[in-house]
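> Structure incoming, see below.
The values are calculated or read from the model by the stated rules, or taken from the named source; none is laboratory data. The structure displayed is predicted, hence computed values, not measured ones. Note that each Cβ is placed from the backbone with ideal geometry, even for glycine, and that neighbours are counted across all protein chains shown.
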Amino acid sequence: MTQARIAFLFPGQASQYVGMGRDLHDRYPRIRTLYRQAREITGADIAEVSFVGPAETLKQTNFTQLAILVHSVAVASLLNEQGIHPDYVAGHSVGEYAALVASGSLGFEDSLRLVRLRGELMHEAGGRQPGTMAAVIGLAPREIDEICRVASEEDEPVQPANYNAPAQTVIAGAVPAVERAMDGAREAGAKRVIPLKVSGAFHSELMEYARHGLAEVIEKTPLARAQTPVVANVTARAVTEPDEIRRLLIEQLTRPVRWSESMQTLADHGVDTVVEAGPGNVLTGLMKRMHRGIGVLNADRLADVFAVAESIGRPMAERLESR
């Protein structure tokens, strides 16, 4: 019998909500330790912002990214303790940092330092070169590529930022260029064109300032060989070697997230179950639409973790006994 394969997916910005992670924190001292480490290393009370909010504070990039990271790492650690170990991991944008922690490549404390700096630099880059983003529903990636090419000008670029699904792409760039691209998408027959409330043009060339600043720190951060392959945002390929992980993590800030292709990579590698580890269900929602044959599970709250263990823990134990 073919061995089933499991992937953990780690969400990115916009999956946060007030109250996230509180039940995990209140139940387990080791999870409280993660939140305490986050406060000691970053100076931000991630527990307070995650559990109490307010929502407007949690939406701020410097809090959002850290809150999602800590929650996601906490969930993954509890899943591991329940006997659920992934064969592959992938994370959407900032979720890639949680994926690297789960893979054994990046230490948790180092991930906190990098994500704190990443959020600060992205916010600053948005101030230096103002930009925006928009979601386009109903057009193929190649159509979006051409629309962005036509809408771009020398000092006003726009480009795909997230290839989330075959008919869902997020674009990013200078405000006038994004507006031109939105008009072009509507003219091309897009079902919906949705402007996003963001503080910058993430995953675009307008993040070059942030990429440069983050690269200096990533170069000095220790990375180990990933014990679990990580499907990288930039290439949508599984990677394990530290040098390649480092290079792709630096490129990630100015390159599009190839999420749709990443999910195809998991399917091609025989993954038949994905578990979204962290707040929300955005990634499992996308997977449902792209690959109906792959089972999807969410692990957000404590009850979810136990439900995942009950759902796939027994078959995993049976496979281990049969080896």
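> Condition (residue is surrounded by fewer than 24 Cβ atoms within 10 Å (Cβ to Cβ), in the same structural domain as residue 240 (by TED's automatic domain parsing) and of a type in the set (Gly, Ala, Ser)) applied to the range 84-96: is it met by at least one residue?
For the range 84-96, residues surrounded by fewer than 24 Cβ atoms within 10 Å (Cβ to Cβ), in the same structural domain as residue 240 (by TED's automatic domain parsing) and of a type in the set (Gly, Ala, Ser): present.
> Determine which member of the set 208, 156, 179 is among the acidic types (Asp, Glu) and within 15 Å of residue 253 (Cα to Cα).
Working: 156 fails: within 15 Å of residue 253 (Cα to Cα); 179 fails: within 15 Å of residue 253 (Cα to Cα).
Result: 208 is the single residue among 208, 156, 179 that is among the acidic types (Asp, Glu) and within 15 Å of residue 253 (Cα to Cα).
> Kindly establish whether residue 146 is farther than 15 Å from residue 204 by Cα and at pLDDT below 95.
Details: farther than 15 Å from residue 204 by Cα: yes; at pLDDT below 95: no.
In short, no.
> Further question on the same structure: When you go through 241, 251, 276 one by one, which is the residue that is touching a helix residue (DSSP H, G or I) at 6+ places or on another chain (Cβ under 7 Å) and of a type in the set (Asp, Glu)?
Working: 241 fails: touching a helix residue (DSSP H, G or I) at 6+ places or on another chain (Cβ under 7 Å); 251 fails: touching a helix residue (DSSP H, G or I) at 6+ places or on another chain (Cβ under 7 Å).
The unique qualifying residue is 276.
> Looking at the range 238-289, which of its residues are out of contact with any Lys or Arg (no Cβ under 6 Å at 6 or more places or on another chain), in a loop (DSSP other than H, G, I, E, B) and over 21 Å from residue 140 (Cα atoms)?
241, 252, 269, 278, 279, 280, 281, listed by residue number.
> Take residue 57 and decide whether it is surrounded by fewer than 22 Cβ atoms within 10 Å (Cβ to Cβ), in contact (Cβ under 8 Å) with a residue 12 or more places away in the chain, of a type in the set (Val, Ile, Thr) and touching a helix residue (DSSP H, G or I) at 6+ places or on another chain (Cβ under 7 Å). Full working, then the answer.
Numbers: surrounded by fewer than 22 Cβ atoms within 10 Å (Cβ to Cβ): yes; in contact (Cβ under 8 Å) with a residue 12 or more places away in the chain: no; of a type in the set (Val, Ile, Thr): yes; touching a helix residue (DSSP H, G or I) at 6+ places or on another chain (Cβ under 7 Å): yes.
When the stated conditions are applied, residue 57 does not pass them.
> Moving to a separate point now. Taking the condition over 18 Å from the mean Cα position of the chain (by Cα) and in a helix (DSSP H, G or I), does residue 210 pass?
no
> When residue 167 is evaluated against the numbered criteria (1) under 17 Å from the mean Cα position of the chain (by Cα); (2) more than 22 Å from residue 206 (Cα to Cα), which criterion, by number, is the only one it fails?
The single condition residue 167 does not satisfy is (1).
> Sort out which residues of the range 264-313 are touching a Ser or Thr at 6+ places or on another chain (Cβ under 6 Å) and more than 12 Å from residue 84 (Cβ to Cβ), and write them in order of number.
Passing the criteria: 276, 278, 279, 280, 282, 295, 296, 298.
> For residue 178, all conditions in the list (1) crowded, with 24+ Cβ neighbours inside 10 Å; (2) in contact with a strand residue (DSSP E or B) (Cβ under 8 Å, 6 or more places away or on another chain); (3) in the same structural domain as residue 237 (by TED's automatic domain parsing) hold save one; what is the number of the exception?
Checking residue 178 against (1) crowded, with 24+ Cβ neighbours inside 10 Å; (2) in contact with a strand residue (DSSP E or B) (Cβ under 8 Å, 6 or more places away or on another chain); (3) in the same structural domain as residue 237 (by TED's automatic domain parsing), the one that fails is (3).
> Tell me the residue from 90, 125, 134, 102 that is touching a residue at least 60 places away in the same chain (Cβ under 8 Å), under 30 Å from residue 192 (Cβ atoms) and within 15 Å of the chain's Cα centre (by Cα), please. So that I can check it myself, show each step before the final result.
Working: 125 fails: within 15 Å of the chain's Cα centre (by Cα); 134 fails: within 15 Å of the chain's Cα centre (by Cα); 102 fails: under 30 Å from residue 192 (Cβ atoms).
Every option except 90 fails the conditions.
> In addition: Can you list residue pairs whose Cβ atoms sit under 9 Å apart, with the first residue in the range 263-274 being outside the structural domain of residue 88 (by TED's automatic domain parsing) and within 10 Å of residue 7 (Cβ to Cβ) and the second being modelled with pLDDT under 95 and among the acidic types (Asp, Glu)? Count only pairs 6 or more apart in sequence or on different chains.
Filtered contacts from the range 263-274: no entries.
> Given (1) modelled with pLDDT of 95 or more; (2) β-branched (Val, Ile, Thr); (3) touching a strand residue (DSSP E or B) at 6+ places or on another chain (Cβ under 8 Å); (4) farther than 18 Å from residue 33 by Cα, identify the lone condition not met by residue 52.
If we test residue 52 against (1) modelled with pLDDT of 95 or more; (2) β-branched (Val, Ile, Thr); (3) touching a strand residue (DSSP E or B) at 6+ places or on another chain (Cβ under 8 Å); (4) farther than 18 Å from residue 33 by Cα, just (3) comes out false.
> For residues in the range 140-171 being touching a strand residue (DSSP E or B) at 6+ places or on another chain (Cβ under 7 Å) and part of a loop (DSSP other than H, G, I, E, B), which is nearest to residue 262 (Cα to Cα)?
Only one residue tops the list, namely 167.
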